[in-house]
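**Student:** After the structure tokens below, expect a handful of questions from me.
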Amino acid sequence: MVALFAGLKFRLLRNRRGLGLGSVGQVIALLLAVGIGGGIGLALAMLRSAPETATLVMANLYASAVLAWTIMPLVAFGVDETVDPRRFALLPIGRPTLQRGLLVSALIGYLPLANLLALLGSAIGVASSWSLLPLTMICAIGVLLMCVIFSRALAATMSGLLGSRRGRDLGMLVSFALFALYYLLSTMLNNSSAESFASSAAGSVGRVLAYTPPGALALIPADVADGAWLSAGGRAAIVLAAFALGWRWWGWALQRSLTTIGSQTENSASSRGLLDPRVTATSLSSTARLVAGRDMTMMWRDPMRRMPLLMVALVGIVWPLVVARGSLSGYACLFAGLLAGTQAGTVYAIEGSGLWLHMVAFGDRMRARGELWGHAAATLVVGGSLLAVSILVVTIVRDGWVHLPGVVGVALAGLFSATGAALFLSAYVPYALPQSRTSMFASRVPGQGGRAAGGGLGLMACGLIAAIPGGVLAILGESVNPAFRWVALVVGPALAWIAMWQVINIAADRYLDRAPEILDLVAVGDTV
Amino acid sequence: MSTQGESTANPPALAVRRLARAFGQKVVVKGIDLDVPVGSFYGLVGPNGAGKTTTLSMITGLLRPSDGGVWIHGIDVWGDPVRAKAAMGVLPDGLRLFERLSGTELLSYLGRLRGLPVETVNTRSRELLDVLDLSGAGDKLVADYSTGMRKKITLAAALLHSPPLLLLDEPLEAVDPVSARVIRDVLQAYVAGGRTVVLSSHVMALVEELCTHVAVLNDGQIVADGPVAQIRGEAASLDDAFFHIVGGRAMSEGGLEWLRSSQD
């Protein structure tokens, strides 16, 4: 039976078309797994020359690996068809057999392979003598088993929740929190001059982690080498207790998930939204107001749309403050303006095949343009608000009031031009968005990777190009005559607005002409 | 059957001429001609893969035909989409809704997007939610609706602007019996008022019970159409007639002998 599970996993891997390249994609994925895992493993093996550092690094690494694996189902649940135990609920398989089968299947794949190679490298790195190598290998494999057991235990515990809308929303929030934490830490570390701070902090953390189960696996070989048998025994007991606890937790969660059906219709969210109940689509502006109200309601309720806006806020404030230096750093808010504008991208794909509701409701140019202006208005209101906060914070912190007119001009030009480019490309280069919403990072569907990449690149390029006049005037304001800052404040956004106006109308006409073909493309996202 | 669905003095509710669709080399719908009389309850039946959903998608303007035309009450669907869309209500199969709106919000939004007055939208939405037994779920997000509730809220959206023609793709598929009864009652009342319903279904008993007319679609072609009694002919039921029309193969013709045995 265990062999059957292994065969199933191999079959699933063979049938996966995630990269849209068929068998070529699988070869690339395999090479990437071997390359990345092997590379990390090689780097870790080279730590063998500094045994004390190696032990602390491995304690950090092992604990991070177990934590990352455990959290992974929250971030990207459903990427592995063998993960969700409910898929096996109707098969006549006993729980212990199922658990062993799931363990074996979870150890097969590109990610486990990359992890295994990295861990085997770490085993060499932490082996102070070659006679210790068998023990360090066992410990490294123990880390991988611990990763899988705790990851699957959490996945089984939350399988009902993660299959629901609320569970996926929770996953989105966890994803964003992790991304924000990573972004803040990496930005701070990359820009900090006190490098010793990082190393000493990592060392302190490593010493604490040495008493956790994965950390203990890193230190057992060192204890054995030092003849500290009591300490080694204590750490081994911690490890064995963790395995026993994790296995029992997984078994309990598995049994529960196989015999319980969660309800997806209870405790629904309140319907209070931002839709103005008095607006009727009888003119361009009223259509735009109606659609903008719907868009903002969706942004409020849908984490898939809310998380990118939080990222805009994060990047808009952190990036100019941490990366850019001096009183001119406010100009870095241009990036936030561009990012905010990109939130209007792929508007026809955001609801997947839900586009049909608009297609059957109207077929006239006025409403088609009104719809796009509504999407633009929602983006400009929300993105503009975030941009205003970003500019204000950066200006106050950097005392850049003198540069404010130029900064506002450039940032608004970026916002308008990126919004226009995003809406234009929505109609001319549409592509599907995954509607399963298993991950905030999932942004393309198999077979449309090229369109998505082209659309993304085109969006940023078009946005930047349309923002150039404002940027040139701002540069003149900083280098030639300060009066140009005020010119940039007026002319930059005005030119970008005119460009946005033109391309929105062109895009709306394109939508009217090609709506069935756009629906055909974006509906693919329903099944991903 | 008229040759120009759009030009007659009293056009049919739906006229389809030489409607065809190919996906690459594969021709899924092969030049369909069809007239649906005003006031009829018209069933479109056929085995899986016969082309029912593709045909309905082209009729409703959601899929561009490779060839041919569609007229709704004499209005060209692809030539005059503004008037045509006002004249039809659509319930497609398997397409998403605006999941993060509540049922009430969805109806309100779509009604106002069509340009209906706010008071009209509010009154009709309330009545539709009430009749379709969705009043208690009006404030729930559509994402949390069951299959039956989704069918009912989509039907409500299709009825909201009171169109003369309803086009429904598998309206009772995967719907519980209570919801199915509610939907059937609403549709029968709608036709009794002189309007027209076209629905596709796999369930022959349902078509026989509800429909006045039926068209049998097989391999992208209409192989029989007319009043239900005429299509049924001498057969014991529409199900039997359908079975013979599409050339079904009985189980007695071979295979699965092991199912008739009590041994493993």
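The values are calculated or read from the model by the stated rules, or taken from the named source; none is laboratory data. Predicted, not measured: the structure shown is a model, and the values here were computed from it. No Cβ is skipped: glycine too gets one built from the backbone with ideal geometry, and neighbour counts run over all protein chains shown.
**Student:** Within the stretch B:165-192, can you find the residues that are within 21 Å of B:LEU34 (Cα to Cα) and assigned to a helix (DSSP H, G or I)?
**Tutor:** B:VAL191
**Student:** Quick one: which of A:LEU144, A:LEU103 is assigned by TED's automatic domain parsing to the domain that holds A:LEU8, modelled with pLDDT of 90 or more and under 16 Å from A:TRP247 (Cβ atoms)?
**Tutor:** Sole residue among the options that is assigned by TED's automatic domain parsing to the domain that holds A:LEU8, modelled with pLDDT of 90 or more and under 16 Å from A:TRP247 (Cβ atoms): A:LEU144.
**Student:** When you look at B:GLY148, is it out of contact with any strand residue (DSSP E or B) (no Cβ under 9 Å at 6 or more places or on another chain) and either within 14 Å of another protein chain (Cβ to nearest Cβ) or under 24 Å from B:ILE72 (Cα atoms) (or both), yes or no? I'd like the intermediate steps shown before the answer.
**Tutor:** On the way: out of contact with any strand residue (DSSP E or B) (no Cβ under 9 Å at 6 or more places or on another chain): yes; either within 14 Å of another protein chain (Cβ to nearest Cβ) or under 24 Å from B:ILE72 (Cα atoms) (or both): yes.
Against the criterion (out of contact with any strand residue (DSSP E or B) (no Cβ under 9 Å at 6 or more places or on another chain) and either within 14 Å of another protein chain (Cβ to nearest Cβ) or under 24 Å from B:ILE72 (Cα atoms) (or both)), B:GLY148 qualifies.
**Student:** Continuing with this model, one more query. Which of the numbered conditions does B:ASP185 fail, given that it passes all the others? Conditions: (1) buried (at least 16 other Cβ atoms within 10 Å of the Cβ); (2) among the acidic types (Asp, Glu); (3) farther than 26 Å from B:VAL246 by Cβ.
**Tutor:** (1)
**Student:** Taking the stated definitions as given, is B:PRO164 within 24 Å of A:GLY352 (Cα to Cα) and more than 8 Å from chain A (Cβ to nearest Cβ)? Steps first, answer last, please.
**Tutor:** On the way: within 24 Å of A:GLY352 (Cα to Cα): no; more than 8 Å from chain A (Cβ to nearest Cβ): yes.
In short, no.
**Student:** Next question. (1) among the acidic types (Asp, Glu); (2) surrounded by fewer than 21 Cβ atoms within 10 Å (Cβ to Cβ); (3) within 26 Å of A:SER283 (Cα to Cα): which one isn't true of A:ASP399, the others all being true?
**Tutor:** (3) is the only condition that A:ASP399 fails.
**Student:** Here is a follow-up. Starting from the stretch A:45-59, keep only residues that are more than 17 Å from A:LEU117 (Cβ to Cβ) and surrounded by 15 or more Cβ atoms within 10 Å (Cβ to Cβ), then list their pairs with residues that are among the charged types (D, E, K, R) and modelled with pLDDT under 80 whose Cβ atoms are within a distance under 6 Å, requiring at least 6 positions of separation or different chains.
**Tutor:** Taking only residues 6 or more apart or on different chains, not a single pair turns up.
**Student:** Is at least one residue of the stretch A:350-358 of a type outside the set (Val, Ile, Thr), away from chain B (no Cβ under 14 Å) and crowded, with 22+ Cβ neighbours inside 10 Å?
**Tutor:** Taking every residue of the stretch A:350-358 in turn, none turns out to be of a type outside the set (Val, Ile, Thr), away from chain B (no Cβ under 14 Å) and crowded, with 22+ Cβ neighbours inside 10 Å.
**Student:** Residues of the stretch A:274-296 being within 7 Å of chain B (Cβ to nearest Cβ) and either touching a helix residue (DSSP H, G or I) at 6+ places or on another chain (Cβ under 8 Å) or under 15 Å from A:THR379 (Cα atoms) (or both), which ones?
**Tutor:** At the first step, the residues of the stretch A:274-296 found to be within 7 Å of chain B (Cβ to nearest Cβ) are A:275, A:277-282, A:290, A:294.
If the condition is that a residue be within 7 Å of chain B (Cβ to nearest Cβ) and either touching a helix residue (DSSP H, G or I) at 6+ places or on another chain (Cβ under 8 Å) or under 15 Å from A:THR379 (Cα atoms) (or both), then A:LEU275, A:PRO277, A:ARG278, A:VAL279, A:THR280, A:ALA281, A:LEU290, A:ARG294 are the ones that fit.
**Student:** Considering only the stretch A:476-505, how many residues are loosely packed, with under 15 Cβ neighbours inside 10 Å and either of a type in the set (Val, Ile, Thr) or within 14 Å of chain B (Cβ to nearest Cβ) (or both)?
**Tutor:** 3
**Student:** Can you name every residue in the stretch B:193-203 that is closer than 26 Å to B:ASP33 by Cα and surrounded by fewer than 21 Cβ atoms within 10 Å (Cβ to Cβ)?
**Tutor:** Within the stretch B:193-203, B:GLY194, B:HIS202, B:VAL203 meet the criteria.
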